[in-house]
Amino acid sequence: MSTVLQPQAPVRRSARDRRAEKRRLRRMDALSGRLAELYAIRALLQDAAVIVSAGWVQGAWFTVADAGRTRTVTAYDLSVAETRPVIGACLVGAVVQSAGGPREVGTQLVQRSLDLLWHSMREDPRRPVRWCPGPRVRMMHVLELTYWNDAPQRTADEVSALLRDAARTADLQATRCRDERAVLARA
């Protein structure tokens, strides 16, 4: 017995439906990219917590080993942290160091990690993160993180706890992305 399949005419969808499908697929792609980025941010924040636990700094970004002594490194001499072993870091410095050091400070991974860190410090972790604030707003957020780190009553345990909280916030944001992606996949 043989079966002959008759070709079926393709279903022609309206232009509106095709545009809606393209938007849905673009959004799913964006959510997949965000999930990958959140995974990287979470790992970076966990590494930063380890750096702070090993050696926490106030009033500078880093401490480095320099010819048998410890030297503090501020924003004005960051190049020293590129050539010497980092043995301690402040909150922001730990994020930068866990991304690969001062040369990575301007990367999207570091900037978005700092956005998420500030968000977990000041906002409800379940609310969406404002990922791309303007340059001045982002600078104010980094200054606020720095002032928080440098407060006289602050402890290394509190700084490590904030970094761990931020990693949990990354998990919450990832759950939001997965939930939205699941809704779009059913559409």
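No lab work stands behind these numbers, since they all come straight from the coordinates. The structure presented is a predicted model; accordingly, all values stated were derived computationally and were not measured. No Cβ is skipped: glycine too gets one built from the backbone with ideal geometry, and neighbour counts run over all protein chains shown.
Contact order, relative form, for the stretch 1-77: 13 percent (alpha carbon pairs under 8 Å, 6 or more residues apart, mean separation divided by residue count).
The Rg/Rh ratio of the stretch 75-179, with both radii computed over alpha carbons and Rh defined as the Kirkwood radius, is 0.97. Charge dipole of the stretch 1-103 (Cα centre as origin; +1 on each Lys and Arg Cβ, -1 on each Asp and Glu Cβ, all else neutral): 980 debye, rounded to the nearest 20.
Projecting the Cα atoms of Ala151, Leu172, Ala161 onto the dipole axis of the stretch 103-184, where Lys and Arg carry +1 and Asp and Glu carry -1 at the beta carbon, places Leu172 farthest toward the positive end. GNM remark for the chain: springs join alpha carbons under 10 Å apart, and the peak mean-square fluctuation among Ala67, Ala161, Ala43 falls on Ala67. At a threshold of 8 angstrom on Cα-Cα distance, excluding pairs fewer than six apart, so keeping six or more, what relative contact order does the stretch 73-187 reach in percent? Once normalised by length, the contact order is 25 percent. By the Cα gyration tensor, the stretch 21-124 has an equivalent ellipsoid whose semi-axes, rounded to whole angstrom, run 32, 13, 11 from largest to smallest. Toward the positive end of the charge dipole of the chain, with +1 on the Cβ of Lys and Arg and -1 on the Cβ of Asp and Glu, the farthest Cα among Val11, Ser120, Thr74 is that of Val11.
Give me the percent of Cα-Cα pairs in the stretch 6-70 that sit more than 20 Å apart, rounded to a whole number. Summing the P(r) tail past 20 Å for the stretch 6-70 gives 64 percent. Run through the stretch 3-90 and list the trypsin sites (Lys or Arg not before Pro) located in a DSSP loop whose Cβ has at most 13 other Cβ atoms within 10 Å. Filter output for the stretch 3-90: Arg12, Arg13.
Taking the Cα centre as origin and putting +1 on Lys and Arg beta-carbons and -1 on Asp and Glu beta-carbons, what dipole magnitude results for the chain, to the nearest 20 debye? Each step should come with its number before you reach the end.
Details: 30 positive and 20 negative charges, 292 e Å.
Computed charge dipole of the chain: roughly 1400 debye.
Viscosity 1.002 mPa s, temperature 20 °C: what is the translational diffusion coefficient of the stretch 117-181 from Stokes-Einstein with a Kirkwood Rh over Cα pairs, rounded to a whole number of µm²/s?
Details: Rh = 12.9 Å.
The diffusion coefficient I find is 166 µm²/s.
Which of (1) 87, 35, 30; (2) 64, 33, 25; (3) 51, 35, 34 is the computed Cα extents along the principal axes in Å for the structure on display? Only one option fits the structure, namely (1). Show me the helices of the chain, taken as full DSSP H stretches, that run 15 Å or more along their long axis by Cα and average 0.0 or above in Kyte-Doolittle hydropathy. Within the chain not a single helix satisfies the rule. Ordering Gly88, Gly59, Leu45 by the projection of their Cα atoms onto the charge dipole of the stretch 1-93, which places +1 on the Cβ of Lys and Arg and -1 on the Cβ of Asp and Glu, puts Leu45 at the extreme positive end.
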